[in-house]
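The structure appears below as C-alpha cells.
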Amino acid sequence: MRIKHRAIAIIIVALVSISMIGSTFVLFFSDSPVTQTAAQTANTADSQIADLQGQVDAFNQALEKNPGDTNLRLNLADKYYDLGLAQLSSSQDQSIAGAATTNLKQAVAQYQEVLKVNKDDVNILVDMATAAFYSGDNTLAESTFQHVLAIKPDFYNALVNYGIFLIEAKSDYIGAIEEFNKALNTNPPPESAQQLNNLISYAQSKLTGDDSK
C-alpha cells in the first residue's frame, strides 16, 4: 500500500480534526496542550508550504521530461494535494484559499490521468475523491466514493471518508452513522474504533440537537 503523509484538513467540531496519511484515513483529537506560539505555528506552516511548492515544481519539471511516467504523475498529484491542504489549514486569507482550491483541482486532474492507467485503484480513487471534496467538487467526490464502495464495500478508508463527506457536505448524519458502523464492522484497531464511536456520537448529537457532545 502506498503511504503518503498528509496535512490536517477540515475541522468537524472543536475536538475532532481530520488528517490524511496516504490512503489511510486517520482521525485524532486536538485536546492536547498547545506547545507552539501562534507565530511559531505560522512560521512552520509557511515553511511547509514553501517546501511543498518546491516539490510540486520539481515534479512538474521531471514530468515534462518524462510525460508517460505514471509514478511521477502520481507523486505530483500527491504533492498538489498536500500543498492544497496545507494552504487551507494555514490561513483564512482569501487569496491563499483560492490558491489552495487551484492546487486541489490540479491534484484531481493528475489523479484522473493516473487512473487512466491504474484503473479502479481504490487508494487513488479515495485520494481523488477527498481532493475533489476539498476543492468544492462535491458531485465528483460523492460519485467517486460510491464507485469505490461498489468495488470494495468493506474498504475502511472509503467508508470513513465517505461518512465524513456526508456530514460536512450534506449534513446527512444518518447516512454518516451507517458508513461509520460499516467501518466498525471491519474490526479496526481499538484506537480507530474509539475514534469512529466518537464520530458516531457527534452525528447522533446533531440528530438530537444536542451539540454539547
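The values are calculated or read from the model by the stated rules, or taken from the named source; none is laboratory data. Note that the structure is predicted; figures quoted are calculated from it, not measured. Reconstructed Cβ throughout: ideal geometry from the backbone, glycine too, with neighbour counts over all protein chains shown. Note: accessible area is taken over every heavy atom of the protein model, side chains too, but ligands, DNA and RNA are not part of it. Shrake-Rupley method; radii C 1.70, N 1.55, O 1.52, S 1.80 Å.
The table below lists the values:
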read-out	value
Filter pass, residue 140 being within 21 Å of residue 165 (Cβ to Cβ), aliphatic (A, V, I, L, M) and open to solvent by 50 Å² or more (accessible area, probe 1.4 Å)	no
Residue among 180, 165 that is touching a residue at least 24 places away in the same chain (Cβ under 8 Å) and of a type outside the set (A, V, I, L, M)	165
Search result, residues across the stretch 178-202 that are in a helix (DSSP H, G or I), open to solvent by 20 Å² or more (accessible area, probe 1.4 Å) and under 21 Å from residue 144 (Cβ atoms)	178, 182
Counted residues, the stretch 70-92 - those being surrounded by 19 or more Cβ atoms within 10 Å (Cβ to Cβ), modelled with pLDDT of 95 or more and among the polar types (S, T, N, Q)	1
Failed condition for residue 104, given (1) at pLDDT 95 or above; (2) of a type outside the set (D, E, K, R); (3) surrounded by fewer than 24 Cβ atoms within 10 Å (Cβ to Cβ)	(3)
Scan of the stretch 143-172 for residues that are assigned to a helix (DSSP H, G or I) and either among the small types (Gly, Ala, Ser) or open to solvent by 40 Å² or more (accessible area, probe 1.4 Å) (or both), ordered by number	143, 146, 147, 150, 151, 156, 158, 163, 168, 169, 170
Condition met for residue 64 (surrounded by fewer than 12 Cβ atoms within 10 Å (Cβ to Cβ), at pLDDT 95 or above and either out of contact with any strand residue (DSSP E or B) (no Cβ under 6 Å at 6 or more places or on another chain) or of a type in the set (A, V, I, L, M) (or both))	yes
Tally of residues being more than 16 Å from the chain's Cα centre (by Cα) and either closer than 15 Å to residue 60 by Cα or open to solvent by less than 70 Å² (accessible area, probe 1.4 Å) (or both) across the stretch 111-123	5
